[in-house]
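To start, the structure itself, in structure tokens.
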Amino acid sequence: MFRLKTFAFLAVIAVLILSACSTAAPQETAEETSCAPNCEFTDMVFCYPQLGAESDWRTANTASFKETAGDLGVRLIFSDAQQKQENQISAMRSCIQQGVDVIGLPPVVEDGWEPVLTEAKEAGIPVIIVDRSVTADSSLYASHIGSDMFLEGQRAADEMNKLLPDGGKIVELSGTTGSGAAVGRAEGFRANLNDNIEIVDSQTGNFTTAEGKPVMEAFLKKYEGEIDGAFIHNDNMAIGAVEAMKSAGLEPGDIVIVSVDGTRGGFQLMIDGWVQADVECNPLLGPQVYDMALALMNGQDIDREVLTDETVYFPNEAADLLPSRKY
Ligand code: GZL
């Protein structure tokens with residue numbers, strides 16, 4: 001009996017020691033694993049919880065990160081959240097668990113990021129906000145690299161003002177509700193729009209062709225013949241809107257359109273006369289973001305915000321430029 005008790009006691013002690021070891025396995029300290037200040041791209045594990053694949057812009061953005069990672073030798077952990085914030089958050093948590101070096105976050109919407117950004121910060125993993133912005137306090141992330149969406153909206157309004165100098169009624173096909181891109185573009189557009197131009201309606205098309213088409217169909221039915229112009233937050237929704245306009249028997253120019261992105265699809269719409277101005281929004285952010293991520297790994301100072309230099313494209317140059325467009 002005594003032997004059995006002794007064995008049981010020793011077995012319990014053994015289990016306690018083993019379990020203590022498994023949970024308390026010595027975590028490699030930063031000093032042991034860090035390559036700083038001489039890290040190279042081949043040392044980097046970079047997490048990119050992409051928001052979705054909703055548009056040609058997004059496809060180009062994904063390609064920029066995947067192709068650049070391959071060129072540089074970066075180990076990329078990529079995922080597609082299918083435009084759902086909860087999927088992006090769980091992908092980030094998985095990357096935090098894996099102990100990646102840097103996270104790039106292209107946020108589908110601007111709110112609701114504080115908890116997971118705090119978790120990344122507490123884990124010592126810097127986050128670069130990519131493309132759209134977030135409302136979270138800037139102390140929770142390392143930097144933002146992307147477009148000035150408010151300026152894009154202002155540029156769109158400046159073009160609409162020129163297209164409708166005598167004023168008129170317009171509709172707006174906005175991007176994903178709550179996204180920094182849609183919020184910024186809408187605000188900037190309204191800041192610069194002339195008072196003689198009235199926005200009679202605005203609906204989201206969620207940045208997709210499939211959702212943009214029925215929105216324009218409904219506008220054409222509701223405001224039959226009254227619409228002079230349309231501000232459309234991206235080229236994919238413009239493609240859908242033009243499909244609806246063609247089905248309704250409209251001709252190019254019947255409704256003047258200002259779109260955003262400057263994709264090949266947008267350029268073709270300008271060549272065909274349907275779109276009169278396309279505000280550039282550049283998706284090719286991979287190289288800049290990886291450079292910044294490496295600087296962070298090496299403990300170098302970085303800019304807290306980097307805004308992309310962008311322009312506006314027009315039909316008279318579209319055919320010449322189309323062959324050289326990278327997205
Ligand atoms: C803007 C980007 C937007 C594009 C859309 O920077 O987030 O999302 O304008 C894309 O085409 O879907």
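The values are calculated or read from the model by the stated rules, or taken from the named source; none is laboratory data. From a predicted model like this one, the values you see are computed outputs, not experimental measurements. Here the Cβ positions follow ideal geometry from the backbone for every residue, glycine too, while neighbour counts run over all protein chains shown. Surface accessibility is based on the protein's heavy atoms, side chains included, excluding ligands, DNA and RNA. Shrake-Rupley method; radii C 1.70, N 1.55, O 1.52, S 1.80 Å.
DSSP beta bridges fully contained in the chain are about 5 percent antiparallel.
Neighbours of GLU119, meaning other residues whose beta-carbon lies under 15 angstrom from its beta-carbon, give a summed charge of -2 when Lys and Arg score +1 and Asp and Glu score -1. The protection proxy used here, the mean number of other Cβ atoms lying within 10 Å of each residue, ranks peptides 126-135, 263-272 as follows, highest first: 126-135, 263-272. Charge tally around LEU294: other residues with Cβ under 10 Å, Lys/Arg +1 each, Asp/Glu -1 each, net -4. For the residue pairs LYS84/LYS162; LYS213/LYS326; LYS221/LYS326; LYS84/LYS169, the C-alpha atoms sit more than 28 angstrom apart in LYS84/LYS162; LYS221/LYS326; LYS84/LYS169. To put it simply, the accessible area of the chain at a 1.4 Å probe is 53 percent carbon and sulfur.
Placing a label point 7 Å from the Cα of LYS84 along the Cα-to-Cβ direction, no residue of the stretch 121-141 has a backbone N closer than 20 Å.
Note that the chain presents 47 Å² accessible area per residue, ligands and nucleic acids not counted, probe 1.4 Å. Of the residues SER143, LEU51, ILE257, the one whose Cα sits farthest towards the positive end of the charge dipole of the chain is LEU51 (charges of +1 on Lys and Arg Cβ, -1 on Asp and Glu Cβ, taken about the Cα centre).
With a point put 7 Å past each Cα toward its Cβ, work out how far ASP254 is from VAL306 in nm, to one decimal. A separation of 4.6 nm, rounded to one decimal place.
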